[in-house]
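Engineer: Can you keep this structure in mind? I'll have questions shortly.
We did not get these values from a lab; they are worked out from the coordinates using the rules stated. Note that the structure is a prediction, hence the values are computed from the model and not measured. FYI the Cβ positions are ideal-geometry reconstructions off the backbone, even for glycines, and counts take in every protein chain you see.
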Amino acid sequence: MDAALVTSSIEDIEIQLLLEALYQHYHYDFRHYARASIKRRLLQARAQLGYGSISEIQAAVLRDSTLLPRLLDFLTVQVSEMFRDPSYFRALREKVIPHLHTYPSLKVWVAGCSNGEELYSLAILFHEEGLAKKTMFYATDINPTALKAAQAGVYSLDRIRLFTENHQASGGRSSLSDYYTANYGRAVFDKSLCSQVVFSDHSLVTDAAFAEMHLISCRNVLIYFDRDLQDRAVGLFRDSLARRGFLGLGSKESLRFSSHADAFADFVREEKIYQRTGS
Amino acid sequence: MKKASVTSHAQSLASRWAVVGLVIGVAFFVISAAVAYLNIENVRASEREIRRTHVVLTTLDDVLSAMLDAETGQRGYLLTGRDAYLEPYSDGVGQSTEEMRKLKGLTSASAVQKANFAMLENRVAARMQIMEEVLALRRTGGIAAAIAGLNTDRGKNVMDDIREQVMRMTREEQRVRETRLIEMAAASQAAIVSAVITSLSGIALTIAIFILFIRNTRSRERQQWLQAAQADLGKAMMGDKTIAELGAAILSFLHERTGSPAGALFKGEGGTFRRANMLGVPGDADVPAEFTLNEGLMGQVAVDGRIMVLNDVPLGYLTVGSSLGRSAPRHLVIAPAKADDAVNAVIELGFFEPVDDVVLDLLEEASGAIGIALRSARFRERLQDALEETQRQASELQAQSEELRVSNEELEEQGSALRESQARLELQQVELEQTNSQLEEQAQTLETQRDELERASATLQLKARELEQASQYKTDFLANMSHELRTPLNSLLILSKLLGDNPDGNLSAEQVRFAQTIQSSGNDLLNLINDILDLSKIEAGHIEIQAASVPMDRLLGDLKKVFQPIADERGLTLALELSDDCPRSILTDRMRVEQILKNLMSNALKFTERGSVQLTVASAGEDCVALTVTDTGIGITKEQQDSIFDAFQQADGSISRRYGGTGLGLSISRELARLLGGAITVESEVGAGSRFTLTIPATYDPSKVPVRDQARAAPQPAVASPPPARRRPAAKPRPASIEDDRNALDTGKRLLLVIEDDATFASIVCDLSHELGFQCIVAGTAQEAIDIARDYKPSAIVLDIGLPDQSGLTVLDHLKHQDETRHIPIHVISGADQSQTALALGAIGYLEKPVQRERLAEVLAGLQQKLASSMRRVLIVEDNEVQRDAVSELLKSQDVETVGVGTVAKCLELLRSEPFDCMVLDLALPDASGFSLLEELSQDSDRAYPPVIIYTGRDLTTEEEQRLRRYSSSIIIKGAKSPERLLDEVSLFLHQVVAEMPPEQRRMLEKARHRDAALEGRRVLIVEDDVRNVYSLTSVLEPRGVIAKIARNGQEALDMLEASADGADKPIDLVLMDVMMPVMDGLTAVRAMRSNPKWAKLPVIMLTAKAMPDDQQNCLDAGANDYMAKPIDVDKLLSLVRVWMPR
């Protein structure tokens, strides 16, 4: 029991130091990520990369910058599917889109775009709703590998079946196959979907607002943050959103306890879609 | 329940008192009635007795007189013998018998009288007998016998006895009567006394009843007050309040009800009571934050659960404070609050007056309610915490499940990868087996080689260790040896000097020369030893730098003193100069600097045959000082310039011999310069002279001293180019707080918020606002301003742009983007001209500093008027009548008036004649397009046109949108949800309307537009895809005469630059480049520009949302001249543009 306690506390110290090192050397700030989750992922990274301790990872990554992308892959959870939680996309389609029709031009920010599934879902949704031409998408993530994957828009064929089911469940008006070409066991999404997309490296932890958005979709990102960081990110969304702009969060995320909760009102409560109030 | 029992207890007590009172009252009346009755009875009995006595007395008289009548009758008969005389006799006898019978009845009550009566009866009977006998004698014996009978005197004797007996009885009766009379008097006395007593008691009783009644009423009133207070307390505590809020509610309630000027509430949890809230206690008062059971009086109360009252506590026990002063309450009440009979909070109240019991009763009775309310609040907080915890756990679970998905995907991928690699492995295995045998052979060869290598490496290591040791030995040896050498050298020098001076004059000239040679050789030797020692010390790291302030003029003065004689001796000019820009004094180690300079100067003097030696001191770049020694001596060749600093090297091996010196001086100087955090550089030309420059930091900083190896690298030139990024000037200190009205707000008056960090100006505005009937609050920083605006909701705001923490424009933007503050009219006052930006952000007016008092008064009066007029007017420009009516219907409300027009001409006419607060414009109109209307309006400089909301049915191209953005920040495309948005936007504008500006002010603004000569007519390319940013950038730059060109991405920017280079357009002077853009990002665009010689020098400022140093470095690396972090600070942007704009 005691031994376990001692081990865990050393690990915690090592984690703290590693995160500090990543911040100071590479300016990746994971220090305010939810500690329990980071710990699990680092332990996994240690096991899979074959290091004896987290300190060893630290020593290695400080000197070998090629290790950084691999470590980032462990630290950032890159998982999603297209039209994940179809009801969310249905709510966007039925409730939010009519409001967006009233703007002459639109900006949509997919914060934490991961490998791009959510971005392509929104792009297809906007295309189907006739908004694609006047919409500019911003897809940001801190992981350059993920950004590249998102830009490529290539997914393995066996996932497409699930994507198609989701798309239909979300009230899709066209066939998903209109948007991709399948070959060699992979499906490549139409590059024209990306013509209005800016892919960029942007950190919710350190960076500032960059444009005025009408819709921000940031799903299953806040769950990895601690309270302070969640507040910072939500503050950033608040500053980025136009008057009466919309914010969509993941199904288990909530603004209820955020210090910026006052700046938002429930728009579709069950789907965690909020509308910027004030201004 | 507890409350009810208390009340019923009080009631039963009261009713018992009422019963006792009633019993006492009734008993009193019964007793006094009985006493009166008895008295009357007494009197009546006495009176009856007296009357009886009176009858007895008359009866006795009657008996006697009857007896006498009978005797008289008898005598008559005796004398006459006539029977007629017998008649009075028999009447007398009859009467006496009758009287006797009466008398018998009357006297039967008294034993004495009864005995007397018996005797009287006997006597009367005897007398009757005697008279009968005499009569009988007369009848029979005639008169003589009768007289004889009489003569016996027996009759007379009996008669005397009768008389005597009657007298006795009379006396007896009189005695009885006397007694009765006395008794009667006594009885009547008693009656009077008892009457007086009764009436007095009656009065007393009535008074008592009155008092009881009053008391009863009063207690009922108190009871009612208490019940009302409890009910109100209940109301005050209602709602989902936190403990602190609840504490505040309770304290303010108690303050209001009990008049207690100060109070504190402590909430208990697990035996510790923490302060939940205070009221009326100044912030710096020494009130404990918590206490435990039994700790102090509060702790005592917490344990006892009973109210404690402390009267006349000493001064300074607890203070009450306001902005005006403070005072100390003299009386304290410490009361517990209970839930389930356990104390869970303690309230302390201070009073100036002694505490009324009713307050204590209130505290006693409210104890339970307060306790329960606090406990509920605590439960609510726990519930809230639990909810939050649940939310956190849900997130955590989600995070875990996401991670699991990832692992799952990875596992699947790995599975298929494994399968693939297995096949490959099998193939490879065969190949491997083949190569294996080859490898084995090679391995053997390698092994042999390895063994050899190992041996060689071991030898090398040994050598290295030996070298290291040898080096250490050398250093130690040098350090020790040079010391050992100095002692004998000293005596050698002194003695040779003595000899050379030849004090006794006994030495020949040649001997003296020998002695002088010994001395000078000894000196050279000593110098060499000193230098070796210095160098070895530095190498061994034994030198410590002792930094102190070194005044430059003193330093130079001392050097002049030392070197002037030498220069004079050698016929050289010596000049020491201190340039104006160099600091008066620097912080460094004076001894070491002097050592270096002495070395450099003595070298210079040494190697210069004619001409001059010059020492100049000048400031070099940021925080550095350059001390330059220039000579016109022999100079040093390029090749030698590198080696002169190495130990034991000199420009020419022969030099040492020709000019003397050890050749270590420059090595030591360089090492010392390094230790001081600086460097020595040399420029020289053979035959023309040399220039040695010592550059050291003006302030010695040990952390900046480079390690020794780096110092060997070519020293950096000291004169550096100015740093690329300009820092924001340090925040100005907060203004001294200004007396304002925040502590004495009157809800009836309008409140003005003055946001201004200059205390003088703020107080001017404040005073002026008072004159105009405003109340005034002053905020000195942007943050404070935002907080105050939110908390106090002022009616109007006067805002200064230059604030210490953030730009006032940020404040303006923030306030205009908050629901609760956006309606507040804001008037901007600024030292710099940012009128366009301010007005665009929603300010109602703009004043440039310096401001005249009259102008300020006008502004405030304008605000006043603005607040007074509540009716808003909206102009609807729409050609479709149905649509127009629909919009009008939508927007119309109590304080909004709408006017509809269908044509551009009508619209212009109306706008020129009437004021409007807002305008809703359809783009498609019959006589002209909305675009041309807007352009016409914007050129009409005589009047401010209202904010425009574009409400159109057509989709807009990006160019059209860009064009419209100049005139309107709100564009709505008609659709299902557009009415909702229109209403929203209109209501926003109606509250942030730009007031009609007086022409004078407008002219001022017009003039201000063309103020910046540095920017007038310059062409700036703005590369930015966000319309809002483009708008704000152009609205800052264009008023200053800048011609703004807009590109929406990197590619467009390159195309536009290409066009301008081709002469299709005028050349661009400066580029503002966003990073994150579609098609081509900013970094790529800048790299492309820099790779083309045409634009290699074109200034580029990047705008980035990223905050990390390397992101910003990326901008500079890509070729940008400077960068600016978003959100954009207008002041900074302008200064950056001015800095980089080519002249």
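Engineer: Take the stretch B:750-867, compute every pairwise Cα distance, and split them into 5 Å bins from 0; I just need the percent in each bin.
Structural biologist: Reading upward from the zero bin: 2, 13, 27, 28, 21, 8, 1.
Engineer: Quick check on packing: order A:45-55, B:114-124, A:122-132 by the mean number of other C-beta atoms within 10 Å, highest mean leading. Intermediate results must be reported in sequence, preceding the final value.
Structural biologist: Values: A:45-55: 14.5, B:114-124: 18.0, A:122-132: 21.0.
Put in order of decreasing packing, that is A:122-132, B:114-124, A:45-55.
Engineer: Same structure, new question: Going by amide H atoms built from the backbone, whose H comes under 5 Å of the H on residue B:873, apart from near neighbours?
Structural biologist: B:897, B:917, B:918
Engineer: Let me ask something additional. Specify, per residue and in Å³, the volume enclosed by the convex hull of the alpha carbon atoms belonging to the stretch B:1028-1143. Show your work: numbers first, answer last.
Structural biologist: Numbers: hull volume 11.9 nm³, N = 116.
Residue-normalised Cα hull volume stands at 103 Å³.
Engineer: How big is the equivalent ellipsoid of chain B along its three axes, where each semi-axis is √(5λ) from the Cα gyration tensor, reported in whole Å from largest to smallest? Intermediate values should be presented prior to the final figure.
Structural biologist: Numbers: eigenvalues 3341, 575, 253 Å².
Output for chain B: semi-axes of 129, 54, 36 Å.
Engineer: What pairs from B:537/B:638; A:134/B:977; B:235/B:338; B:749/B:892 go past 21 Å between their alpha carbons? The partial results should precede the final answer.
Structural biologist: Details: B:537/B:638 30 Å; A:134/B:977 17 Å; B:235/B:338 18 Å; B:749/B:892 29 Å.
Check vs 21 Å cut-off fails for B:537/B:638; B:749/B:892.
Engineer: Just tell me which lysines come within less than 18 Å, Cα to Cα, of residue B:1094; anything on the same chain fewer than 8 places away is out.
Structural biologist: In chain and number order, the partners are B:1066.
Engineer: In addition: Tell me whether the stretch B:10-209 comes out rounded, prolate or oblate; compute the Cα gyration tensor, take square roots of the eigenvalues as a ≥ b ≥ c, and use a/c under 1.5 as the rounded threshold. Let's see the in-between values first.
Structural biologist: Numbers: a/c = 5.44, a/b = 5.05, b/c = 1.08.
The shape class here is prolate.
Engineer: How big is the gap, in Å, between the Cα center of the stretch B:1059-1090 and the Cα center of the stretch B:545-590?
Structural biologist: The stretch B:1059-1090 and the stretch B:545-590 have Cα centres spaced 53 Å from each other.
Engineer: Compute for the protein assembly as shown: radius of gyration divided by Kirkwood radius, i.e. Rg/Rh, restricted to C-alpha atoms, rounded to two decimals. Before the final figure, lay out the partial values.
Structural biologist: Details: Rg = 60.4 Å, Rh = 45.2 Å.
Ratio of gyration radius to Kirkwood radius for the protein assembly as shown: 1.34.
Engineer: For chain B, give me every cysteine whose Cβ has no other Cys Cβ within less than 4.7 Å, ordered by residue number.
Structural biologist: So far as the 4.7 Å Cβ criterion goes, B:582, B:624, B:907, B:918, B:1115 stand without a partner in chain B.
Engineer: Continuing with the same structure: How about the stretch A:184-279: which chymotrypsin sites (Phe, Trp or Tyr not before Pro) there are in a DSSP loop, with at most 16 other Cβ atoms within 10 Å of their Cβ?
Structural biologist: Those that pass, being in a loop and sparsely packed, are A:184, A:257.
Engineer: In the protein assembly as shown, if the dipole is taken from +1 on Lys/Arg beta carbons and -1 on Asp/Glu beta carbons about the Cα centre, which of B:611, B:804, B:346 is farthest to the positive end?
Structural biologist: Going by the Cα projections, it comes out as B:346.
Engineer: Based on Cα coordinates alone, diagonalise the gyration tensor for the stretch A:186-250, multiply each eigenvalue by 5, take square roots, and list the semi-axes in whole Å, largest first.
Structural biologist: Numbers: eigenvalues 113, 49, 28 Å².
Value: 24, 16, 12 Å, ordered largest first.
Engineer: Then there's this: Take the eigenvalues of the Cα gyration tensor for chain A, scale each by 5, and report the square roots as semi-axes in whole Å, largest first. Could you put the intermediate results ahead of the total?
Structural biologist: Numbers: eigenvalues 231, 106, 53 Å².
Ellipsoid semi-axes (Å, largest first): 34, 23, 16.
Engineer: While we're here: What nm distance separates the two modelled labels at residue B:469 and residue B:252, each placed 7 Å from Cα along Cα→Cβ?
Structural biologist: Distance between the two pseudo-spin positions: 8.6 nm.
Engineer: Hey, another quick one. Using only the Cα atoms of the stretch B:543-712, construct the convex hull and provide its projected area averaged over every direction, in square nanometres to one decimal.
Structural biologist: On the way: hull surface 37.9 nm².
Directional mean of the projected Cα hull area for the stretch B:543-712 stands at 9.5 nm².
Engineer: Kindly state, as a whole number, the per residue volume in cubic angstrom of the convex hull around the alpha carbon atoms of the stretch A:2-75. Don't skip to the end; give the middle numbers.
Structural biologist: Working: hull volume 5.9 nm³, N = 74.
Per residue, the Cα convex hull of the stretch A:2-75 comes to 80 Å³.
Engineer: Any chance you could check the Cα centroid distance between the stretch A:78-153 and the stretch B:40-62 for me, in angstrom?
Structural biologist: What the calculation gives is 134 Å, centre to centre.
Engineer: Based on Cα positions only, what radius of gyration and what Dmax would you give for the stretch B:1081-1143, in angstroms?
Structural biologist: When restricted to the Cα atoms of the stretch B:1081-1143, Rg and Dmax are 11.7, 32 Å.
Engineer: How many percent of Cα pairs in the stretch B:378-516 exceed 24 Å?
Structural biologist: Numbers: 7468 of 9591 pairs.
Value for the stretch B:378-516 (Cα pairs over 24 Å): 78 percent.
Engineer: So, one more: Just list whichever of A:107/A:272; B:560/B:606; A:95/B:974; B:793/B:816 have alpha carbons separated by over 18 Å in the model shown.
Structural biologist: A:107/A:272, as the Cα separations exceed 18 Å there.
Engineer: Over the stretch B:491-600, how many percent of alpha carbon pairs lie in each 5 Å bin up to the one with the longest distance?
Structural biologist: Over the stretch B:491-600, the share of Cα pairs per 5 Å bin runs 2, 9, 12, 13, 13, 16, 13, 9, 6, 4, 1, 0 percent.
Engineer: Here is a follow-up. How big is the charge dipole of the stretch A:1-102 about its Cα centre, in debye rounded to the nearest 20, if each Lys and Arg gets +1 on its Cβ and each Asp and Glu gets -1 on its Cβ?
Structural biologist: Values: 12 positive and 12 negative charges, 92 e Å.
Around 440 debye, computed over the stretch A:1-102.
Engineer: If the convex hull of the alpha-carbon atoms of the stretch B:558-606 is projected onto planes in all directions, what is the mean projected area in square nanometres? Walk me through the numbers before you get to the answer.
Structural biologist: Numbers: hull surface 15.3 nm².
Taking a quarter of the hull surface, the average projection is 3.8 nm².
Engineer: To continue, here is another question. How big is the Cα convex hull of the stretch B:249-379 in projection, averaged over all directions, in nm²?
Structural biologist: 7.4 nm²
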